[in-house]
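The values are calculated or read from the model by the stated rules, or taken from the named source; none is laboratory data. In this text the structure is predicted, and so the values were computed from the model without any measurement. In this analysis, Cβ positions are derived from the backbone assuming ideal geometry, glycine residues included, and neighbour counts consider all displayed protein chains. Note: areas computed on protein heavy atoms with side chains; ligands, DNA, RNA excluded. Shrake-Rupley method; radii C 1.70, N 1.55, O 1.52, S 1.80 Å.
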Amino acid sequence: MGTDNQTWVREFILLGLSSDWDTQVSLFVLFLVMYIVTVLGNFLIVLLIRLDSRLHTPMYFFLTNLSLVDVSYATSIIPQMLVHLLAAHKAIPFVSCAAQLFFSLGWGGIEFVLLAVMAYDRYVAVCDPLRYSVIMHGGLCTRLAITSWVSGSINALIHTAITFQLPMCRNKYIDHISCEILAVIRLACVDTSSNEIAIMVSSIVLLMTPFCLVLLSYIQIISTILKIRSTEGRKKAFHTCASHLTVVVLCYGMAIFTYIQPHSSPSVLQEKLISLFYAVLTPMLNPMIYSVRNKEVKGAWQKLLGQFSGLTSKLAT
């Protein structure tokens, strides 16, 4: 396994949010309910898109991918956190910790790239609507989705490999709710500057680059919207982007705050709250945002509920 001074640990202890039993039980109930809402909300969005032919467009193809990523990201963290909230010994094996870091980083990276792809889709829809179906054809949409999944997965694999090669010197207490990369790196008993540089580089490539592409897309979108003469036209164009823009603000903001400057990273409590935000709150809110802010999704919901109500009435009679 290594020398006495530099050795691999077999398991880690996650300190979590609180050591108070009553608080842990309350948090367990809260997070369990939120996780159930997250899973149901995102799978209902996917089901709705599959059932309604009016939603078989590039925008909703990417939304399907986003919903699957959200559920997967939440599942990589929340079930383990729920178990630990009720467990006396909050241990996670070395391999499980590495797997959790890989999957959480992977899903997070995929989401950032996917949001940039969705911004490009909105850019084409608003700025070049007559050629939208020609530009955003099925082949391009598939390639863009695959690019999102592959880039996020490769980034996660690289970081997981270099993080878990660090000697921990028997440090096994992770002051976090999960095996988050900055929390794991803090356990190392060697210089981790190369890891921090790697985080910085990947943050620029996988976080700031997509963010800049989103920013450029929306500059063009806003410029085009302002040129529309009719108020109704401007309102319609804005509504096509409102849901995506809301999700972008939620997802990119705290990630930039957390990962761009590891040396001046937030406090441990802030890191835990940010992780909770991404694992619990964002995946739960995304389907709600698209359901409430999007007229097409609301219309599809009304149609589906109407069909269900009609079927129920027939069965009752």
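Data overview
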item	result
Test: residue in the range 225-242 that is open to solvent by less than 80 Å² (accessible area, probe 1.4 Å), of a type in the set (G, A, S), over 14 Å from the mean Cα position of the chain (by Cα) and modelled with pLDDT of 80 or more	yes
Tally, over the range 120-137, of residues that are assigned to a helix (DSSP H, G or I) and either among the acidic types (D, E) or within 17 Å of V214 (Cα to Cα) (or both)	8
Options L114, L44, L105: the member that is in contact (Cβ under 8 Å) with a residue 60 or more places away in the chain and buried (at least 23 other Cβ atoms within 10 Å of the Cβ)	L105
Residue match in the range 269-287 (condition: part of a helix (DSSP H, G or I), open to solvent by 90 Å² or more (accessible area, probe 1.4 Å), over 23 Å from L114 (Cα atoms) and modelled with pLDDT under 75)	no
Pairs where the first residue, in the range 209-224, is farther than 10 Å from C127 by Cα and the second is among the β-branched types (V, I, T) and surrounded by 16 or more Cβ atoms within 10 Å (Cβ to Cβ), C-beta under 7 Å, 6+ apart	P210/V113; V214/V248
Residue within the range 186-194 that is assigned to a helix (DSSP H, G or I), of a type outside the set (D, E) and crowded, with 21+ Cβ neighbours inside 10 Å present	no
The lone exception for H137 - which of (1) under 28 Å from A156 (Cβ atoms); (2) surrounded by fewer than 21 Cβ atoms within 10 Å (Cβ to Cβ) it fails	(1)
Cβ-Cβ under 9 Å pairs, at least 6 apart or on other chains, the range 13-29 side farther than 17 Å from V280 by Cβ, far side small (G, A, S)	I13/A91
Boolean, S76 is buried (at least 19 other Cβ atoms within 10 Å of the Cβ) and either assigned to a helix (DSSP H, G or I) or touching a Leu at 6+ places or on another chain (Cβ under 6 Å) (or both)	yes
Filtered residue count, the range 79-102, keeping only those that are open to solvent by less than 30 Å² (accessible area, probe 1.4 Å) and in contact (Cβ under 8 Å) with a residue 60 or more places away in the chain	9
Single condition A183 does not satisfy, out of (1) part of a loop (DSSP other than H, G, I, E, B); (2) in contact with a strand residue (DSSP E or B) (Cβ under 9 Å, 6 or more places away or on another chain)	(1)
Filter result for L157 (at pLDDT 90 or above, in contact with a His (Cβ under 8 Å, 6 or more places away or on another chain) and not hydroxyl-bearing (S, T, Y))	no
Considering residues of the range 153-180 that are outside any loop (DSSP other than H, G, I, E, B) and touching a Leu at 6+ places or on another chain (Cβ under 7 Å) only, the residue nearest to L206 (Cα to Cα)	N155
Number of the condition not met by S26 [criteria: (1) of a type in the set (S, T, N, Q); (2) at pLDDT below 90; (3) surrounded by 13 or more Cβ atoms within 10 Å (Cβ to Cβ)]	(2)
Any chance I197 is out of contact with any strand residue (DSSP E or B) (no Cβ under 8 Å at 6 or more places or on another chain) and either open to solvent by less than 60 Å² (accessible area, probe 1.4 Å) or aromatic (F, W, Y) (or both)	no
